[in-house]
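Inspection log for the structure reproduced underneath, given as structure tokens.
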Amino acid sequence: MCGIVGYVGGQEAWPIIYEGLRRLEYRGYDSAGIVIVGPQGAIQLRKTVGKVDGLDEDGAGPHPSGTIGLGHTRWATHGRPSYENAHPHTDCQQRIAVVHNGIVENYLELKRRLMDAGHEFGSETDSEVLTHLVEEGMDRGLSFQEAFRRMGRMVKGSQAISAVLQGDSAEICALRLGHAGGIVVAQAEGQAIIGSDLPALLPILQTKSNMGQVGFLESGEMVVVTRGGVEYQDLEGNHIDKQPRMVSQEEVLVDKAGYRHFMLKEIMEQPQAVASAMRERVDFETRRVDLPDFPFSAQEIAELDRVMLIGCGTSLNAARVGRHLVERYSGLPAEAESASEFRYRNPYIGPRTLVVSIGQSGETADTVAAMQMVKDKGGKLVNICNSEGSQASRIADGNLYMRAGIEIGVASTKTFMASLTILNLLAIFLGQSRGVLDTAKTQEMVDGLAQAPRLIGDLLADAAVYRHLAQEYVGFDNFLFLGRGINAPIASEGALKLKEISYVHAEGYPAGEMKHGPIALIDDAMATVALAPKDSLYDKVVNNVKEVKARDGQVLAVLTEGDTELAADVDHVLYIPEAPEHLIPLLITVPLQLLAYHIALLRDRDVDQPRNLAKSVTVE
Ligand code: AGP
């Protein structure tokens, strides 16, 4: 959600923290702030509303100087984006500065007590209580570390917290509670850095030839970083012997590789994402699918009686596609549901229920909570995820990793494509294992998947087409995306991409439902994007398109190459190549992503960091 960076060392802290915050902006960008402990030990604070580069605006003056500091980029939960609510938050005496990621669930009760004790608050945030709690501890004679640990024991909720003290102690404390926010730690000679995520550590890690060793805090753990080293403790102050893990360049390095936006780069990486998701899972000689990372035995698979797929946002759309694939090819009843709804129901989950959770980040709070519920009820849980070591990956019985490479654009693209690929593999694998898919059908499906990277690559080569169409549609303020069957969730995904990066109103609807209400919206000011590939429901979608045209609606249809008949009835056409039905969702996704991207560009939107959003939603 929010991003935290802290540095202690021999170099000027400002540029290191600033660079780290820029790399964490995908986590939130409602406000930013940096605190530097100056050479005389004084706390120097600079904050801004909006993005990190606002900290550097003309007139801001020279950067605060010093070799220890903390930074924060915020995704607002408690309190609107404002200067006062921006982190770091300081105590009454400006001795302590705190940054926070997550929610202090008991902050009201703590705040009331602290106010009664004379503490004055300057913000509307829950986070500020943390500063006052540390201050309170120190006022009672505790050391900074002891007061920080005491604060950690008093707060409820999932969060990551870091604090620095004025003076010459040159130490930063950070802790993690629950699953909402990670803290990673790296050190090199005489310096150490902490961050919410690996890219923040780059300034230190890149000084080493093969990246480096990184410590990952678990819930209930704390770290104290100084120039002399790193000390891990629990919240009682007991030493923890933590084994850092070697991280690769790929996990840490992120750049746009010459593309204007991360989102475009990630869209262009989709052929590799699909190929990578299939690596070592598809035998293209025997034309079978094998999932060595699937955690359940042939016997357990044979005994399954239903499959439930869960996720949020784009991952929910993937789950809905997966539901069609599993139902069609594995012979098992399948359902898909938003994790944020599922977790508050009391669904029947038993040892014969397979739950498939999907998430790019593996940190989405609703998905993680739903997964925990499945575990508690004794279900079988497999997780499709892009982030190794994430909360989700640790809860699941096993993980089918996407291997799409880090995704920075807040709008998910290549991880959606990787999810669809893995869901195809899963459906085939279950069908094979349960004897539902015969060899010929399995081989036909595998042959289809083998073509996917090339077909997606061909679609990506048509950039000029999408740019041109975006110009035709940029003036519309309302869009209806229609699709049927396995492509209905792709209509939802097309609408989600458009609304999240262009701020244009767009709805994804099952085409057959249109006549039950949304048809009242159709006029010449409503743009309809109709997904009408040549599949088993083609004729039905054609009827729905005609219903829109009969009411003067503007229609952009996504059709299969060669479909001149329906093309003649609509206003504009985007083509996908002829392909087997299980590949069509992957192919249709590409034009919809690029249409959304180009409309957002023409509307001058911040494509990589759209307003109000964050890459991982670790609040409920
Ligand atoms: C995708 O474009 C969105 N930004 C969002 O809906 C996202 O898919 C959702 O928050 C779930 O994230 P996850 O895949 O990391 O769980």
Item checked: Residues satisfying the stated conditions in region 489-547, i.e. open to solvent by 10 Å² or more (accessible area, probe 1.4 Å), within 14 Å of the ligand (Cβ to nearest atom) and aliphatic (A, V, I, L, M) -> Leu496
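Can you name the residue in region 281-317 that is among the β-branched types (Val, Ile, Thr) and within 16 Å of the ligand (Cβ to nearest atom) and, of all such residues, is nearest to the chain's Cα centre (by Cα)? Walk me through how you get there before you give the answer.
Residues of region 281-317 among the β-branched types (Val, Ile, Thr): 282, 286, 289, 301, 307, 310, 314.
Still in the running and within 16 Å of the ligand (Cβ to nearest atom): 310, 314.
Values: Ile310: 15, Thr314: 9 Å.
Residue satisfying both the conditions and the ranking: Thr314.
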Notebook entry, point to check: Based on what the data block shows, is Thr442 open to solvent by less than 10 Å² (accessible area, probe 1.4 Å), closer than 23 Å to Asp197 by Cα and not acidic (Asp, Glu)?
Noted result: no
Notebook entry, point to check: Residues of region 330-344 being away from the ligand (no atom under 16 Å from the Cβ) and open to solvent by less than 20 Å² (accessible area, probe 1.4 Å), which ones?
Noted result: Ser330, Leu332, Ala334
Next item on the list: Inspect all residues belonging to region 172-194 and state whether any of them is of a type in the set (Lys, Arg) and either closer than 18 Å to Val5 by Cβ or crowded, with 19+ Cβ neighbours inside 10 Å (or both).
Entry: yes
Next item on the list: Would you check if there is a residue in region 355-375 being more than 15 Å from the chain's Cα centre (by Cα), away from the ligand (no atom under 16 Å from the Cβ), closer than 29 Å to Glu285 by Cα and of a type in the set (Val, Ile, Thr)?
Entry: no
Checklist line | Where a residue in region 12-41 is farther than 21 Å from Gln609 by Cβ and open to solvent by less than 10 Å² (accessible area, probe 1.4 Å) and its partner, wherever it lies, is at pLDDT below 95 and among the charged types (D, E, K, R), with Cβ under 8 Å and at least six apart | finding: Gly41/Asp168
Notebook entry, point to check: Can you pull out the residues in region 177-204 that are at pLDDT below 80 and assigned to a helix (DSSP H, G or I)?
Noted result: Pro203, Ile204
Notebook entry, point to check: Taking helices (runs of 4 or more DSSP H) that fall entirely within region 359-435, which contain at least 2 residues that are open to solvent by less than 10 Å² (accessible area, probe 1.4 Å) and hydrophobic (A, V, I, L, M, F, W, C)?
Noted result: 365-376, 414-433
Margin query: I'd like to verify a number: residues in region 113-165 that are surrounded by fewer than 21 Cβ atoms within 10 Å (Cβ to Cβ), touching a residue at least 40 places away in the same chain (Cβ under 8 Å) and not hydroxyl-bearing (Ser, Thr, Tyr), how many?
Written below: 8
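Tell me which residues, restricted to region 318-329, are open to solvent by less than 10 Å² (accessible area, probe 1.4 Å), within 16 Å of the ligand (Cβ to nearest atom) and not small (Gly, Ala, Ser). Outline the logic, then answer.
Pass one, region 318-329, residues open to solvent by less than 10 Å² (accessible area, probe 1.4 Å): 318-319, 321-322, 325-326.
Retained after the next criterion (residues that are within 16 Å of the ligand (Cβ to nearest atom)): 318-319, 321-322.
Residue satisfying the conditions is Val321 alone.
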Checklist line | Selection count, region 423-465, where residues are free of Cβ contacts under 8 Å to residues at least 24 places away in the same chain and touching a strand residue (DSSP E or B) at 6+ places or on another chain (Cβ under 6 Å) | finding: 0
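The values are calculated or read from the model by the stated rules, or taken from the named source; none is laboratory data. From a predicted model like this one, the values you see are computed outputs, not experimental measurements. All Cβ positions, glycine included, derive from the backbone under ideal geometry; neighbour counts span all protein chains shown. Please note that ligands, DNA and RNA were not included when accessible areas were found on the heavy atoms of the full protein model with its side chains. Shrake-Rupley method; radii C 1.70, N 1.55, O 1.52, S 1.80 Å.
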